[in-house]
Amino acid sequence: MVIFLSRLINGISLGSVYAIIALGYTMVYGIAKMLNFAHGDVIMVGAYVCFFAVANYSLPPLVGVLLAMVVCTVLGIVIERLAYKPLRQAPSLAVLITAIGVSYFLQNGAQLLWGSNNKMFPVFLNGDALSLMDGELRVSVATVVNVVACVAIMLVLSWFTGKTKMGKAMRACSEDKGAAQLMGINVDTTISMTFAIGSALAAVAGVLYMSSYPILVPTTGSMPGIKAFTAAVFGGIGSIPGALLGGLLLGVIEIFAGGYISTQLQNAIVFAVLIVVLLVKPSGLLGKQIREKV
Amino acid sequence: MKKLRNMNPAVRTNFLTYAAVLLAFAILQPMSMAGKLSPTLQGQLVPVCAYVVMALSLNLTVGVLGELSLGHAGFMSVGAFSGAVAASALQNAIPSAWLRLTVAMLIGALFAGMVGTLISVPVLRLNGDYLAIVTLAFGQIIKSIVENLYVGVDGKGLHMSFLQPTVKLGEGGRMILNGPMGIPNISKISTFLAGFVLIMVTLAVIFNLVNSRSGRAIMALRDNRIAAESVGINVTKYKMMAFVISAALAGAAGALFALGQNTIVASKFDFNTSILILVYVVLGGQGKMWGSILAASFLTILPETAMMRDLRDYRMLAYAIVLILVMLATNSPVLKNFFGKLLRGKDEAKKGGVK
């Protein structure tokens, strides 16, 4: 029972990080209808920025996170402007390849700038926050921070997309870009804003992910990127609650698969579950089933 | 020459593609035999052939069927490992390297085709990005499975185990596939000639398929699935046909590739490899087979050329920038209009489009 609970908690902790990354994927997909493969590498850039701020300039961790968010936000907007904006009318495959190009660019750029050797990410979330069941079940600070960050981000995002003018503009753009433009919404600014938010979230996720898996290399971002992308599809891509649900489920499944079945087959099981879910619900758990019209 | 000009444009393109591959082989093979090629280029001959076949087969899924696949390296992996295991196990039974390579490639194609059939069941239910993610997931699953597979051979035949290296071998038995360590000490039996033959066979299969009744049905599905269905085209059958043929060809390419290497490991055929092949297809032009051949051979050799090697550390960065710039140049509306005006009259731009 204790093992089950501690695995569940670990799964939720990992799942919260996936959910934050998946939010970035899902928002960009909902509005720009593109799979932003470079998202995972933005995570990596965020982690490096925080690493250097904390390890080399001995800034407090919170400042490091904020700095990483600022850098990633700017990076996200620049990528969108230079690489994706000229391709707004292009076929989706062309945009996908460009995103892959950006991903390669970020990985190799990071390798040139910061070297390919492993960097140990400083641990600043250590110790146990809670001790339950006579000290048998411990909940680490990192877990609490992950879950709190994930819930807070979800609440803020729900408020943002539901209540603010910019959020409403985003929803309008995801429904119908042409109609939104006719209503006086600046589609370009809205898309840039989406990238900015997604990238800032990626920076937060990068730092949180590093607190659990502290080895930093230029390809660090790709695996959580693919997993979070899977989580976004799992929950129904384009849906914000879907990203949360997908992320959490994916994290729990991953930890359970590793714990109860086999660590070597962990990833295979995660992806097999995804395929089964898509077979039963072809547009994800909370995705909208779009009727085809002729 | 006059006969060439009077041909149907599609037939002419196919004919010229065959001729160009033949010409390239006719130039490179004597140079390779005479040892005139640089060692890096010499070593790249077989992998280039394998990647060309991979790009051609993926083009069948992406360009002709019009579905995005992000797990094509998975089929290559299945073909590579089944082919290499077969070649190793049959070492004594079939002494002729040529025959053994052929058998290995056929077995690779068979296994990859079987996996492709299995995968096509969920794939056929889905569309667009969901289909892409399922292929990605299958690519990862195949990689995990192969990484945990242990295969050995002794007098009684093949023995295998999963997850734990507990293969019990009889007298004179030896391990072939060692889980995450892959297959070491492969006897290199792939030749440039074999690669050339495989490319020609692949081209023949694809061109004949595309110009047949089935091929037209597949392209009709790509252009408008609902319209195609309403005129009685069996969606499941033709989607499956394209997908399985594509997988089988990738399997043969995998076997060719594996038998040209000293060792192969499952992590070689990961998501990045799938993406790399997709890049060849998109850069070469979806549905254009000659484009895939050019892009695959050029981009495989490019990082090895002297010019790129001068850039050393910057070469992958340069590769990324080239990729982005080419996509921008070929798809940005401003530049497209400019080139469209230049090419007007030639209806090249309209053909082979994928939604």
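Things worth noting here:
- ³J(HN,Hα), Karplus 6.51/-1.76/1.60, whole Hz, each residue of the range B:27-35, x for Gly, Pro: 7, 6, 4, x, 5, 5, 5, 7, x
- Contact order relative to length of chain A, as percent, for alpha carbon pairs under 8 angstrom and 6 or more apart: 36
- Cβ-based charge dipole, the range A:147-294, positive-most Cα from A:A200, A:G167, A:A231: A:G167
- ³J(HN,Hα), Karplus 6.51/-1.76/1.60, whole Hz, each residue of the range A:158-163, x for Gly, Pro: 4, 4, 4, 6, x, 10
- Exposure of A:K281 as accessible area (Å², to 10), given a probe of 1.4 Å and all protein chains: 90
- The accessible surface of the range B:2-304, taken with every protein chain in place and a 1.4 Å probe, is 64 percent carbon and sulfur.
- Solvent-accessible surface (1.4 angstrom probe) belonging to B:R216, in square angstrom, nearest 10: 140
- Note, ³J(HN,Hα) from phi for the range B:63-80, Karplus 6.51, -1.76, 1.60, rounded to Hz, x at Gly and Pro: x, 8, 7, x, 10, 7, 10, 10, x, 5, 5, x, 5, 4, 4, 4, x, 5
- In chain A the longest region clear of GluC sites (Glu not before Pro) that are loop-assigned by DSSP and have at most 12 other C-beta atoms within 10 Å covers A:137-291.
- Remark: for residue pairs A:K165/A:K288; A:K33/A:K168; A:K177/B:K288; B:K237/B:K268; B:K36/B:K288, the C-alpha separation exceeds 29 Å in A:K177/B:K288; B:K237/B:K268; B:K36/B:K288.
- A Cβ-based charge dipole, computed about the Cα centre of chain B with Lys and Arg at +1 and Asp and Glu at -1, lands at about 1160 debye.
- Listed residues B:L124, B:L177, B:L65, most fluctuating in chain B (Gaussian network, C-alpha, under 10 Å): B:L124
- Rolling a 1.4 Å probe over the protein chains gives B:D154 an accessible area of about 20 Å².
- Sorting B:V235, A:V63 by solvent-accessible area of protein heavy atoms yields A:V63, B:V235, largest first, with a 1.4 Å probe.
- Close amide H partners of A:S140, meaning residues 5 or more places away or on another chain with modelled amide H under 5 Å apart, are A:A129.
- Buried accessible surface for the A/B chain pair comes to about 3900 Å², total over both chains, computed with a 1.4 Å probe.
- Cross-link pairs exceeding 32 Å in C-alpha to C-alpha distance, out of A:K85/B:K143; A:K119/B:K168; A:K119/A:K163; A:K281/B:K143, comprise A:K85/B:K143; A:K119/B:K168; A:K119/A:K163.
- Shielding by partners for peptide A:272-280, expressed as the average number of C-beta atoms from other protein chains within 10 Å of each residue's C-beta, is 4.
- The range A:1-148 - accessible surface per residue (Å², probe 1.4 Å): 42
- Taking chain B and dividing mean pair separation by its residue count, relative contact order in percent (alpha carbons under 8 Å, at least six apart): 30
- Neighbouring partner chain Cβ atoms per residue of B:205-212, average, 10 Å criterion: 0
- Where A:W159, A:W114, B:W290 fall by accessible area, highest first, once all protein chains stay in place (1.4 Å): A:W159, B:W290, A:W114
- Residue order by solvent-accessible surface for A:I255, B:I321 is B:I321, A:I255, largest first, with ligands and nucleic acids left out and a 1.4 Å probe.
- Probe 1.4 Å, protein heavy atoms only - accessible area per residue of the range B:192-310 in square angstrom: 38
- Per residue of peptide A:217-225, the mean number of Cβ atoms on other chains within 10 Å of the residue Cβ is 1.
- Rounded to the nearest 500, the 222 nm mean residue ellipticity of chain B from helices alone is -22500 deg cm²/dmol, with -39,500 (n - 2.57) taken per DSSP H run of at least 4 residues.
The values are calculated or read from the model by the stated rules, or taken from the named source; none is laboratory data. Here the structure is a predicted model, which is why all the values come from computation and not from measurement. Because the Cβ atoms are built from the backbone with ideal geometry, glycine has one as well, and the counts that use them run over all protein chains shown. Calculation scope for accessible area: heavy atoms of the full protein, side chains included, ligands and nucleic acids excluded. Shrake-Rupley method; radii C 1.70, N 1.55, O 1.52, S 1.80 Å.
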